[in-house]
Structure formats: C-alpha cells, structure tokens
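The structure appears right after this line, and notes come after that.
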Amino acid sequence: MSSLLEVSGVSKTFDGFRAINDLSIQINEPELRAIIGPNGAGKTTFMDIVTGKTKPDVGRVVWGERNESLLGLSEAEIANKGIGRKFQKPTVFEDQTVRQNLAMALKNPRGPFAVLFHRKTEEGAARIEEIAAEIGLSDQLTRTAGELSHGQKQWLEIGMLLAQDPRLLLVDEPAAGMTAEEREKTTDILRRAAQTRAVVVVEHDMEFVRRLDCKVTVLHEGHVLAEGSLDHVTADPMVIDVYLGRSDA
Amino acid sequence: MTQGFLVTNRSVRWFLMALALFTAVVAFGSEASGAGLVSTSLVKTLGKTLCLCLIAVAMDVVWGYCGILSLGHFAFFGIGGYAVGMWLMYARTEGIVMSSLQAQTIPPTPAEVSDAIGSQIFGVVGSSDFPMIWAFAHSLPLQLLMVVLVPGFLALIFGWLAFRSRVTGVYLSILTQAMTLALSLYLFQNDSGLRGNNGLSGLQNIPGFEQTSQATISLVFFLASALALGLGYVLFAWVVAGKMGSVVKGIRDNEARVRFLGYRVEGYKLFVFTLTAVVSGIAGALYYPQAGIINPAEIAPIASIYLAVWVAIGGRGRLYGAVIGAALVSLLSSWFTGGGAPDVNLGFYRIQWTDWWLVLLGLSFVCVTLFFPKGIGGLFDYIVRKPS
C-alpha cells in the first residue's frame, strides 16, 4: 500500500469560524475509509478542499506517486487526476436518461470539440452495461433519471463515479434516506469498489459504518480526534465525550 | 454522421419539411415569380421574420439548453447588420460618386474619390474622413468576414471574462444588458464612425443590381434567409443532440456536478456563447438589407429582452419552439403596432392596440410563464408521443 492522498496541516476559516483546524489525513490505495463526526466537524469542507471547491488558508494537499500538489487546480482538473465526488443530496441529471448520465461520466476526452465530435463506441456501451449491472440499474438504462427512486438515484450517482474510473472516490453520506435493504446493497457496492481503489465515505450513521468494516477517522471541530478500527475509536473516551456520548444520549 | 443524426431526430425532419413547404409557397406566390399573390412588402416581412427565427434558435441554445440567460444577443445581430451595411453603403455611394465624377475632363485621383464618398456618407454627422473601422468597407468578402468575426470575437472576450469569473444567473444577464446598452450608446455618438443615430440607410439597394427590381431582390433575400434558418437549425440540433447536448444540459441543470465530472464548464459556455453570437451576426446580416435601415436603436437593450420573451413563449429547450415563438410574436407585434388590429371601443374607453399591444404581450408572457412553462412548443408533447 502506498499513500495516494496526503492532507497535512490544513486549516480553513470562514468568517472567523474555523471549519478545518490543522487537519492531517492520509489515504492509501486501495483502501476503504470512513470519516465520521458530528455536524460542523468539517467533513464536507474536507471534501471541498480535496476536490478544489474551497482553497485552504494553510496546509498541503498532495496527490499520487509524484507528490503533486492539488492546491490551485480547478475542480475539473482535479476530477481528471482521478478524484470522483458524490454529493450528499443525490445530484444526477434528472432530465436525461440513466444511460446518458453514465455516458457523460465515462472516462473520455473532456474538451468541447472532442465531445462535439464524439461518437458512441461499442466499448463505451459495454462499459455502461457493466456499470449498470454493478449498481443494479441494468433494466433502467432508458428511463429518465428523474423518475428513479431516491435509492436508485444514489446508486446512479455512485455509478457515475465508477464510470469516471477514479483512483479515489469521495462519497458523502451515501446511505442517507435509504431503506435497510438499500443500505446493504450500497455497502456491497462501496466495498467492491474499494478492492481496487481508495474509497472515502463520510457518514453519520454508525450502523452503516460498522457494516463497512474499515478504518475510521473521527473528526471534531476540524481536527482528527481519533483514528483506527471502529471498536478502537468508539472506546476512546474523548470520542465518547464529544460525539457518541452526545448523539446517543 | 449527419445522416444518422437526421434519421434519429424526427422533429428536425418535420421542421425542415415545414420550412421547405412554406418557402416554396411564398416563392411561387411572390410577385417576382409572376403570380403576385404575395406582395413584395410581405415577402420582405416574412424574410425578416425568418432571420428573427434564426436568432431565436440561437437564443434557445444559449438559454434554453445551456441555461445562460443572455440579454445581449441582439447586439451581435446588430453588429452583423452594421458589418454588411457598411459595404452596401460604401459600394453604392462609390457607384454614384464615380458616375458623377466621370463628367469631369481630368480623371479624379483616388484621394478625390475617397473624399467624395466620405463626404456623401459622413456629411450627416459633419465629417468627411473615413474612420478606421471602415478600412475594409470597400470589399464585400472582407465585410462578410466581419459579420462572423466581430460578433464572435466580442462574444469570446466578453464570455471569457464573465465565465472565468464564474458570473452566473441574473448577474450574467445584467452584464449582457450592460454590454448591449454600452454598445448602443456608443453607436449613438456622432463620432462613433457609424453615422450616430442616423445609422446606415438605403441598404435595400444592392450595388451592382441597380436594374433588378425590389421584387426579385426581396425574393432572393427571402430564400437566403430560409436557407440560413434551415442550416442554422440543423447545426444547432446537431450540437444539442448527443453527448455535447448532455453536457450542455447538465451545465444548465447542475453546473457544479458537471465540474466534478471533470468537464471545464467555462470552455463549454464559451463555445455555446460564441457560436450562438456568430449565428446571430449572420442572421442580422441577412435581416438589415431587407429592412433597408439600421440604427443604434435596433441594438437597444429592450430588443434582446424581446428575444428572451419570444423564446419563453415559444418554449425553451426545443428549437422549433423558439421558431414558433419568434415568428408568432414578431408577426403579431407588427400587426398590432402597425395598425392592423382594429381598435376596441368599450364605450367609456377606446383600446388602441398601438398603445396596448405591449400590455397584451406582457400579460401573455406572465401567463405562459405561470401556466404553460413549456410554452407553445409544449403543446406538441400532447400530439406526438415520445419514441422510447
């Protein structure tokens, strides 16, 4: 295992509020990692910084074998380096079919002219079928994404991530609003994806994290509070005090 | 590729057939063909309407598909008109000047000729010198190149600055309005080099075709406008079909998501904005020789707002909707404001449509937005079932 993403000493202040405070996290490849923490712990800001939406005040974000800095790159450039992001609210293109959604995400040249003269290939079609099978939407390809159920939209978005073929997947609360059965399926998809790539899941739900069965990082006030197996961190008195104690009480 | 695309897009085929039928009916009924069922002035009106339909299609692509509510596309339309108007005016004046100077015993020097043309054209603004921007006015090919290059270049620079700074939504609309207003105010000045508020006139007289009747000239322009609309429609239908359409509609619906998929949104917006500006310029270049006159009032901000109203009434996000909206509203508008509609006498008040047409248009805009957000084009959804 080698380090794929290294975030070190990052801080970010919004109007005097310290969203991220000297945060350091290292993600390996392949790896499945869960990041938990109460509201305002800085989970989403962490993702914003890695994906280029927010620029940190200080700190380093380093990517890949060649230790490239991601700071100063645009969202699109970072995405093309191999970082895919799934939003908390399912954001698929509701006007378009499942197939069109996946086709847009497929790893292909991204420039306007390459896209304008793009022609469908058998290879691409096969890849779409493959991903649709993986996320369980094989028989929904011609449906408009807006007609899908909430859970199906979440899967479609995960499928769009997979279509990008990223090395790192950042997944924000994938199980929110899902039924128990849907959660199980989502866990399976994520664990399979993590066999070949790095997958970082931000989650509130302890039960879901337990099922992922992976290393856990606990964030609190923009800082790493504890890191290790779920049993290890839940036994940590500080974690119990600031997070579990409060939310489970 | 285009063949396969036409086969899969039924609405494009239907549109082209309807356009061809309409063009044939008008052409065979026109005075130029001898039938005389369609008057020359009506041919001109219909030809101008086709140009307005073309810019409406461009507007639909930039607004309805890409989600950029540009309230400045009529500026590009006007620039196209000015560009072709400059050659029309220069060449015609040159012809007149040459024939009057021929009477002299000593042949005129080029400086004298240029001076004479200059004082003919710029006399109204108290000048006789050719401004820099008229440098290419003597050459039709160069001015036709300007029809495409100037709107394209302006859109490229404006769009690059605006999209790079991630100006979106209503702020972008305001910026485009400001651009249009600045341009029209500049052109209103006498020293703008384009004859201030006089604008360019006599554009219906085509140099070299002085002996040709207006009936024939108007028919030729009508046919050219129809061809331009047909080609423009196919071009845009091709652009918004396929993967490009997916990305462009994605930008409209969720710009951030498209970014995180790895697409550089600015590049796509710039492409759409510039391409539609170029087509708007071409539409303008075909429109103003039929109108005969162009002045800065044509570029006033309100014109671009009307354009958005046409597209909204016709139906955003479907190209034929934009055509229907532009044709219907602009024709109705000239009927109502041109005194075609009979006044309504309510006894205590007389509704004169020249005054009340704008109120009616405003009301229908509000009603369409509230009750038929898909516009007139949305009615087709009830008639035609979508192929699955």
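The values are calculated or read from the model by the stated rules, or taken from the named source; none is laboratory data. Bear in mind that the values here come from a model prediction, so they are computed numbers and not experimental data. Neighbour counts run over all protein chains shown; Cβ positions are idealised from the backbone, glycine included. Quick note on the areas: whole protein, heavy atoms, side chains included, nothing else; ligands and nucleic acids left out. Shrake-Rupley method; radii C 1.70, N 1.55, O 1.52, S 1.80 Å.
Do we have residue A:151 as at pLDDT below 95 and either among the charged types (D, E, K, R) or crowded, with 18+ Cβ neighbours inside 10 Å (or both) here? So residue A:151 fits the description; yes.
Taking the criterion of being over 30 Å from residue B:88 (Cβ atoms), facing another protein chain (nearest Cβ under 9 Å) and of a type outside the set (Lys, Arg), would at least one residue in region B:272-289 satisfy it? So far as region B:272-289 goes, yes, one or more of its residues are over 30 Å from residue B:88 (Cβ atoms), facing another protein chain (nearest Cβ under 9 Å) and of a type outside the set (Lys, Arg). Restricting A:111, A:42 to residues that are open to solvent by less than 60 Å² (accessible area, probe 1.4 Å) and either within 14 Å of chain B (Cβ to nearest Cβ) or among the hydrophobic types (A, V, I, L, M, F, W, C) (or both) narrows the list to A:111.
Of the residues making up region B:31-40, just one is closer than 20 Å to residue B:288 by Cα and touching a residue at least 12 places away in the same chain (Cβ under 8 Å), namely B:40. Scanning region B:333-365 for residues that are part of a helix (DSSP H, G or I) and β-branched (Val, Ile, Thr) yields a total of 3.
On the basis of being within 14 Å of another protein chain (Cβ to nearest Cβ) and under 29 Å from residue A:14 (Cα atoms), does residue A:170 make the cut? Answer is yes for this residue. Of A:5, A:73, all but one fail to be more than 18 Å from residue A:161 (Cα to Cα) and either among the β-branched types (Val, Ile, Thr) or touching a residue at least 12 places away in the same chain (Cβ under 8 Å) (or both); the exception is A:73. Could you list all residues from region A:51-75 that are under 17 Å from residue A:12 (Cβ atoms), of a type in the set (Gly, Ala, Ser) and within 14 Å of another protein chain (Cβ to nearest Cβ)? Selection gives A:52 alone. On inspection, residue A:90 fails the criterion of being buried (at least 16 other Cβ atoms within 10 Å of the Cβ), more than 18 Å from the chain's Cα centre (by Cα) and under 29 Å from residue A:110 (Cα atoms).
Beta carbons closer than 8 Å, at least 6 apart along the sequence or on distinct chains, pair a first residue in region B:368-388 that is hydrophobic (A, V, I, L, M, F, W, C) with a second that is at pLDDT 80 or above and part of a loop (DSSP other than H, G, I, E, B) for B:368/B:375; B:376/B:315; B:380/B:318. Taking the listed residues A:143, A:127, the one that is more than 9 Å from every other protein chain (Cβ to nearest Cβ) and touching a strand residue (DSSP E or B) at 6+ places or on another chain (Cβ under 8 Å) is A:143, with no other qualifying. Flag: residue A:53 matches the condition of being touching a helix residue (DSSP H, G or I) at 6+ places or on another chain (Cβ under 7 Å) and either without any contact (Cβ under 8 Å) to a residue 24 or more places away in the chain or open to solvent by 30 Å² or more (accessible area, probe 1.4 Å) (or both).
Restricting region B:65-84 to residues that are closer than 20 Å to residue B:237 by Cβ and open to solvent by less than 10 Å² (accessible area, probe 1.4 Å), the residue that is nearest to the chain's Cα centre (by Cα) is B:73. Would you confirm, using the coordinates I've provided, whether residue A:99 is more than 8 Å from chain B (Cβ to nearest Cβ) and either outside any loop (DSSP other than H, G, I, E, B) or in contact (Cβ under 8 Å) with a residue 24 or more places away in the chain (or both)? The answer is yes for residue A:99. The set of residues in region A:27-72 being in contact with a Leu (Cβ under 6 Å, 6 or more places away or on another chain) and of a type in the set (Gly, Ala, Ser) consists of A:34, A:37, A:41, A:42, A:52.
Residue-by-condition table, conditions (1) away from chain A (no Cβ under 14 Å); (2) open to solvent by 30 Å² or more (accessible area, probe 1.4 Å); (3) within 23 Å of the chain's Cα centre (by Cα):
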residue	(1), (2), (3)
B:9	yes, yes, no
B:25	yes, yes, no
B:29	yes, no, no
B:32	yes, yes, no
B:37	yes, yes, no
B:50	yes, no, yes
B:55	yes, no, yes
B:63	yes, yes, yes
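Scanning region A:114-136 for residues that are open to solvent by less than 50 Å² (accessible area, probe 1.4 Å), on the phi < 0 side of the Ramachandran plot and of a type outside the set (A, V, I, L, M, F, W, C) yields a single hit, A:124.
When B:128, B:173, B:114 are checked against the criterion of being modelled with pLDDT of 95 or more, surrounded by 12 or more Cβ atoms within 10 Å (Cβ to Cβ) and of a type in the set (S, T, N, Q), B:173 stands alone in meeting it. Of the candidates A:96, A:100, the single residue that is modelled with pLDDT of 90 or more, out of contact with any Gly (no Cβ under 8 Å at 6 or more places or on another chain) and under 22 Å from residue A:145 (Cβ atoms) is A:100.
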